[in-house]
Each structure stands twice: as C-alpha cells, then as structure tokens.
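The values are calculated or read from the model by the stated rules, or taken from the named source; none is laboratory data. Given the structure is predicted, the values throughout are model-derived calculations rather than measurements. We place every Cβ from the backbone using ideal geometry, glycine too, and count neighbours over all the protein chains shown. SASA here: full protein model, heavy atoms, side chains in, ligands and nucleic acids out. Shrake-Rupley method; radii C 1.70, N 1.55, O 1.52, S 1.80 Å.
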Amino acid sequence: MADRKAAILGSPVEHSLSPVLHRAAFDALGLTGWTYDRVECDAEALPGLVGGLGPEWAGLSVTMPAKRAALALATTVTPRARMAGAANTLVPVDGGWRADCTDVDGVVGALRAAAGFTIAAGPAVVLGAGGTTQAALVGLAELGVRQVRLVVRDPARAVGALECAQRLRLAVTVVTWADVDPAKLVDGCSVLISTVPTAAVEPWVTELAQAPSVLDVVYHPWPTPLAAAAQQAGNPVATGLDMLLHQAFGQSELFTGRAAPREAMRSALREATGNVLELPLG
C-alpha cells in the first residue's frame, strides 16, 4: 500500500493522544510509510486547510473546536454524524470528503467494555450539554436508551443537545444544577454519563455514584472523586480515555481499510498514560 498521511486537526492540539493510537495502528499493520501528525487548526481555518490537501491523505481526525465545521465541509455525511450534529472523522471520497462521528463508538465501547453496561433497564442521566453530550446521546440511543435526564447549568445553552435528542426521538427531562436532587436523579437509572468538570459534581458524588454504570469523561488526575465513589459502591466506571480508545478503532479502519489492531492500540495508549487505567476491550 502506498505511503499515506493522516493527522488530527484542532485547537489546542499539542497534547492530543491520537498520534499514539494511530501510529501504533500503522506500525502493527505494517504501514511503515504512513504518518500521523498534529495540526493546529480552528473551525474557521478548517475548510481552507482541508481543501488544500492532496491525494496522499488517508483521513483526518477532528477535535474541538472544529467538529461542526468538519460536518459542514463534508460532501457526504453518515447518519450518526448527522444525528450528533458534529464530525470527528473526515475521509476522502470522490469529489470531496465523507464525515463520520466515531465518537459514538467511543461512548458505546466505553460503556460496554469498561462500565459494564448491558441493557437499558431505565433512563440515562447525562450531566452537561457540551459537545460530548450529543455523541453520548447518539450512543445511548444505539444502546436502547429511550429516556434521558439531562442536567444543565442553563437550559438555554442546551439547545444543541435537545435538538439532537429530538432527532433521536429520545424523551428528555431537563434539570438545572440549582434544582438537582442527586439521589432522585439516579433513582432507577441504567447509566450516568458525566461530561462536566470534576468540581461541578464533587458535592454529590456519593449519590451520583449509585448509578449502576458510570462514564466520567474526565480521566486526569485519576481517580476522579466520582470514579472513586462509584468504585467504592461497587459500580463499574468508564472514562474519557476508554472513549478515546474505542473511537479510534473505527477511525483507524476508515483510514486504512483494515481491521483495527485493538491490542496494539490499547497497549500504546496504556503505556503513554502511565498504565493507570486498565482500558478493557470487552
């Protein structure tokens, strides 16, 4: 296979762990001439940068704040990227680029492999309404969740998440942080996903940790107070690092056209992060 290029676009991007994952994949697949780099690029610069790329490019990972711009630039869009309203992956196609959202794989894989999620026996609780939330909603819908309790600081800032939920036909109850009763919030739920900073949940971690499956997108420093409380309660926890790993599998396959070397990618990520997290593959 001819030498190809790939990269992650975003701003800031210098600390991205995506090169660790994709370089490990290329090595394991014997793609010795393939490269994967970090490219500083915000949403405004993305169309011009991508438009100037040549045929040697196998694909692009896209992180914040350029995911919506990546979706808008694409000539074709996968259904899940359209549902999420954002794209983290661009691959070249005849006449342009196809946008996908493997962040959904990240959520689903993390919940199944690390958080012990098996069946949607009750509503999901989602803390926060930022960019991660929409991919989380698509993933939850894929797992069979039909009801979501969404906790936000300001309902006016949850428009994107609510529009995403509407596209997915999810029933959503919105609760503000000022009015939250954490014990009632997790009562009967199947899973809790926290997309907010550690400080936002710290006052309620004992109650929130009673959720039977927990995904805390924060993974440094580890363990977070929420993760520690969930582990003490005997409930499994997934992290943003699990999400990063599982979203990279599908992305690697889109770039290379080959099955992702999951063990090699997991080992590289574990080594790069001090072997702190198990990162189960399921």
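Debye-formula intensities of the chain, expressed as log10 I(q)/I(0) at q = 0.08, 0.11 Å⁻¹, are -0.32, -0.61 (one equal scatterer per alpha-carbon, no solvent). Taking the charge dipole of the chain about its Cα centre, with +1 at Lys and Arg Cβ atoms and -1 at Asp and Glu Cβ atoms, the residue from T78, W34, G48 reaching farthest to the positive side is T78.
Among L226, L162, L29, determine the one that fluctuates most according to a GNM of the chain built with springs between C-alpha atoms less than 10 Å apart. Highest fluctuation among the options: L29. With a probe of 1.4 Å, find how much accessible area the chain has per residue, and write the answer as a whole number in Å². For the chain, the per-residue accessible area is 43 Å². Top mean-square fluctuation among T76, T239, T102, Gaussian network model of the chain, C-alpha springs under 10 Å? Of T76, T239, T102, the Gaussian network model singles out T76 as fluctuating most. Taking the Cα centre of each part, how many Å lie between the range 113-169 and the range 1-26? Cα centres, the range 113-169 to the range 1-26: 28 Å.
Looking at the chain, the DSSP beta bridges with both ends there are about 20 percent antiparallel. Note on the range 129-226: with charges restricted to the Cβ of Lys and Arg (+1) and Asp and Glu (-1), its dipole about the Cα centre is near 320 debye. With contacts taken as Cα pairs under 8 Å and at least 6 residues apart, the range 126-207 reaches a relative contact order of 38 percent.
Only helical runs count toward this figure. For the chain, summing -39,500 (n - 2.57) over DSSP H runs of n ≥ 4 and dividing by all residues gives -11000 deg cm²/dmol at 222 nm. Here the Karplus relation 6.51 cos²θ - 1.76 cosθ + 1.60, evaluated at θ = phi - 60°, turns the backbone of the range 209-216 into coupling constants of 5, 7, 4, x, 9, 10, 10, 10 Hz, with x for every Gly and Pro. Computed over the chain, relative contact order equals 19 percent, with contacts defined as Cα pairs under 8 Å that lie 6+ residues apart. Each Cα pair under 8 Å and six or more residues apart adds its sequence gap; the mean of these over the residue count of the range 44-151 is a relative contact order of 21 percent. When the P(r) of the range 97-155 is calculated, the portion above 20 Å amounts to 26% of the C-alpha pairs. Here the accessible area is traced with a 1.4 Å probe on the protein chains. For the chain, carbon and sulfur cover 51 percent of it. Going by the alpha-carbon gyration tensor, a ≥ b ≥ c the square roots of its eigenvalues, is the range 124-282 rounded (a/c under 1.5) or, if a/c is not under 1.5, prolate (a/b greater than b/c) versus oblate? Oblate, because a/c is 1.5 or more while a/b does not exceed b/c. Could you let me know the centre-to-centre spacing of the range 39-106 and the range 241-282, using Cα atoms, in angstrom? If you average the Cα positions of each part, the centres end up 20 Å apart.
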